[in-house]
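Note sheet for the following structure.
Every number here is computed from the coordinates shown, using simple stated rules; none is lab data. Fair warning: this is a prediction, and the values are worked out from it, not measured in the lab. Note: ideal-geometry Cβ built from the backbone for every residue, glycine included; neighbour counts use all protein chains shown.
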């Protein structure tokens, strides 16, 4: 497992409790560095590379082509609806968040200058940076932030972002001035700034039209053909001094991993997301290519609907968890690029529970299935190449299940079908998630009101515990409540969380400025504002 000796959420200590650098009761999370991370003149910029690569000189200009997979006709440029890996990449380069986790998993200010907590985390004050422009020349103000939140929370606008913002009481939340918002919550939440990052909650201007998208990101929209190609060009008035270095960024969708890897090897693209683990050795042996590999809290679960047969019987869910040989699945599906997980998400949460590691136990699985009247069970497992190792893990699970007398029929569909009308309805399927802390993750997927409750989980005791944890200021009490909540998921939940996978991306050796992200978004959280071609 990755080192947990640090306060692994990226939190710092100040007084009784600090959340993401925010001290409750008048504490402050403030921007560092001012955003001047590049040179505004000359033909090259000095860029800090990974510890292994040292410092690289990045030349200005050029067109970078990025290969992605898992896209389809349902692709979108609306950040509030971003679902696929390709959607997330586009969201990161077009739009920006108020605050987000950086590649080191530290919570950093982006469009917000500071975020200050009120008493007990029941209210927050957000102060915006001065002078940030949207791609249409409009200055970003508090009105745009409030518009974004109201848009996401509009019940007539179903989207995946609502879970992150639903604790905002919009009736009481007010603009204090053009750059300041006083946020009131329907219930205290000491980790509220966590909900402002990721691809879903990025800020858009008043009157936003996803057909002609406008954001504040390093690149602005030029063209978009769902499932095929999208093109973005340099935003000259980007607020980070001297960035971006590239003139243009092209995302190219590939129907399968083989064609995507071949495009990188053949020089048709300069970078790809989610390199298949089987191709790691080939990339290592090619001097024209390089790897971007790093540990994350990413998880690609098997999802069992707890309200649909046969998974409405907890004994079947427990049996399926015992079927899995996790180490073997990591070795075969991820090429060893991951750490064993224990049916629990949020590995970087400082209150992550240390529960007994669940091991494969075929005989116990068979016993549970027999007790449930489900011996010789046949189930369909729906899978799709939506993230690295997902399809491969489905195949491994089907093989492992045979020993317990379970016949797993693997049904592979394309990304558009997987994220289509049946998404969140499959009785037995898979999915992928990036790194999150426990409460933000539970809010997204483990409450009856969660927008992505793919297991249809609804446990009143668990729901109350999530509310109690969100409002708890005492570290020891918070840890105990978190343990109780996690124990419920561990015993009865609908997820099989078998691994925390590494990011595995690859680029041309000519590409610099990207580094792996613990947060788990591909290509260093799509860090193309600071990326470019190495000066020669």
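Where does the chain land at 222 nm, in deg cm²/dmol rounded to the nearest 500, when only DSSP H runs of n ≥ 4 count, each adding -39500 (n - 2.57), divided by all residues? Could the numbers behind the result be given before it?
Numbers: 14 runs with 127 residues, N = 536.
Result for the chain, helices only: -6500 deg cm²/dmol.
What percent do you get for the relative contact order of the chain when only Cα pairs under 8 Å and 6+ apart count?
Values: 1289 pairs, mean separation 120.1, N = 536.
So the answer I get is 22 percent.
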Using the Cα atoms of region 107-159 to build a convex hull, what is its mean projected area in square nanometres? 5.3
Rounded, prolate or oblate: pick one for region 80-215, where a ≥ b ≥ c are the square roots of the eigenvalues of its C-alpha gyration tensor, a/c under 1.5 means rounded, and failing that, prolate if a/b is larger than b/c, else oblate. rounded
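Give, in nm to one decimal, the length gained when the segment between residue 170 and residue 464 is fully stretched (0.36 nm per residue of separation minus the Cα-Cα distance). Let's see the in-between values first.
Values: separation 294, 0.36 × 294 = 105.84 nm, distance 2.26 nm.
Gain on extension, residue 170 to residue 464, equals 103.6 nm.
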Which translational diffusion coefficient, to the nearest whole µm²/s, is obtained for the chain from the Stokes-Einstein equation, given a Kirkwood hydrodynamic radius over C-alpha pairs, 4 °C and 1.567 mPa s? 55
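Where does region 297-501 land on Rg/Rh, using Cα atoms and the Kirkwood Rh? If you can, show how the numbers build up before the last one.
Details: Rg = 16.2 Å, Rh = 17.1 Å.
We get a ratio of 0.95 for region 297-501.
How do 497, 391 line up, fewest other C-beta atoms within 10 Å first?
Working: 497 25, 391 19.
With the sparsest Cβ surroundings first, the list reads 391, 497.
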Please give the contour-minus-distance gain from residue 364 to residue 262: 0.36 nm per residue of separation, less the Cα-Cα distance, rounded to one decimal in nm. 32.3 nm
With a point put 7 Å past each Cα toward its Cβ, work out how far residue 449 is from residue 487 in nm, to one decimal. 2.7
Rg/Rh over Cα atoms for region 276-364, Kirkwood Rh, comes to 1.07
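Please report, largest first and rounded to whole Å, the three semi-axes of the ellipsoid equivalent to region 442-536, where each semi-axis is the square root of five times an eigenvalue of the C-alpha gyration tensor.
Numbers: eigenvalues 296, 51, 30 Å².
Ellipsoid semi-axes (Å, largest first): 38, 16, 12.
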